[in-house]
Amino acid sequence: MTQIIRSIHEWKEVLNSRVLSGKTIGFVPTMGALHKGHASLIERSVRENDFTVVSIFVNPTQFNDPKDLQNYPRTFEDDLKLLEDLKVDFLFYPDYADIYNDNFKYKINENELSKILCGKFRPGHFDGVLTVVMKLLNIFRPDKAYFGEKDYQQYLLIDGMCKAFFLDVEIIPCPIVREPEGLALSSRNALLTKEEKIFAQNFPRLLKTKKSCDSIKSELEKIGFKVDYIEEIGNRRFGAVHVGKVRLIENVEI
Ligand code: PAF
């Protein structure tokens, strides 16, 4: 049975009961609408740790667009069933007031990597991500925390934050899980119509080609994508596009 923890106070009671004493904790933070990508992180945590905690918290401070927050898919019953099936020990499902007891007066801010790629198009997004992840890591003090490589910029920023603030946690990046047709799994895919989903397959297909970033951008635009950016950093090519009302991000090794 997955035990649902609704508040930090309830988690403290678990800690006081000492069931976790001397045991390792794996942590998988999520915003719900769980899919096979999340499942791969969770399975790995369950394999590698004595206890696994998954959090579901649609973090308002990381949404620069209120409509995106409003439309974000919420599928609690299905999520809980998946967590039970995967034998997750604890689901943390808190309220805004519990997490933001300071009403977001205090925040974590990074000044370089968070300002490029998605950071350039989503002002404040990474402040929200880093702040909530810092709070969650402080609540659970996990040995290991798992993040998907689909959000590769997010993973790098979180790893950097943990090192900068000497947090005693191992940040584990997990490979992107893709549909058979190539689209990276994402909670936002649920918002695509059937036609949009088929059309979206062109995004990873073109991103993987040997063409330059500029020509990939032009080709995507020519066939009807609105492109935020296609850029290479190190041995990785990053992209963000809009399909209808949905923003998709991808990255591939080159
Ligand atoms: O990747 C996500 O789902 C979110 O950005 C995270 C890490 C759970 C923080 O809200």
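Just a few scattered comments:
- If the condition is being of a type in the set (Ser, Thr, Tyr) and either over 21 Å from Arg122 (Cα atoms) or modelled with pLDDT under 95 (or both), then segment 12-69 contributes Ser17, Ser21, Thr24, Ser40, Ser45, Thr52, Ser55.
- Residue among Val14, Val46 that is crowded, with 17+ Cβ neighbours inside 10 Å, more than 16 Å from the ligand (Cβ to nearest atom) and assigned to a helix (DSSP H, G or I): Val46
- Top-ranked residue of segment 106-147 - restricted to ones that are out of contact with any Phe, Trp or Tyr (no Cβ under 7 Å at 6 or more places or on another chain) and at positive phi, ranked as farthest from the ligand (Cβ to nearest atom): Arg141
- Selection of segment 84-99 for residues being more than 18 Å from Phe140 (Cα to Cα) and either surrounded by 12 or more Cβ atoms within 10 Å (Cβ to Cβ) or basic (Lys, Arg) (or both) yields Glu84, Leu86, Lys87.
- Among the residues of segment 17-43, the ones that are within 15 Å of the ligand (Cβ to nearest atom) and either small (Gly, Ala, Ser) or under 20 Å from Leu157 (Cα atoms) (or both) come to 13 in all.
- Scanning segment 71-83 for residues that are part of a helix (DSSP H, G or I) and either crowded, with 21+ Cβ neighbours inside 10 Å or within 13 Å of the ligand (Cβ to nearest atom) (or both) gives Asp79, Leu83.
- Top-ranked residue of segment 55-70 - restricted to ones that are in contact (Cβ under 8 Å) with a residue 40 or more places away in the chain and touching a Ser or Thr at 6+ places or on another chain (Cβ under 7 Å), ranked as nearest to the ligand (Cβ to nearest atom): Ser55
- Applying the set (1) under 22 Å from Lys135 (Cα atoms); (2) away from the ligand (no atom under 13 Å from the Cβ); (3) among the aliphatic types (A, V, I, L, M); (4) touching a residue at least 24 places away in the same chain (Cβ under 8 Å) to Ala97 leaves exactly one unmet item: (4).
This table checks each residue for (1) more than 16 Å from Leu34 (Cα to Cα); (2) within 15 Å of the ligand (Cβ to nearest atom); (3) surrounded by 17 or more Cβ atoms within 10 Å (Cβ to Cβ); (4) of a type in the set (Val, Ile, Thr).
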| site | (1), (2), (3), (4) |
| --- | --- |
| Phe165 | yes, no, no, no |
| Ile172 | yes, yes, yes, yes |
| Lys197 | yes, no, yes, no |
| Phe203 | yes, no, yes, no |
| Ser212 | yes, no, no, no |
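The values are calculated or read from the model by the stated rules, or taken from the named source; none is laboratory data. Every value quoted in this text rests on a predicted model; they were computed, and no experiment measured them. Positions of Cβ are backbone-derived with ideal geometry, glycine not excepted, and every protein chain shown enters the neighbour counts.
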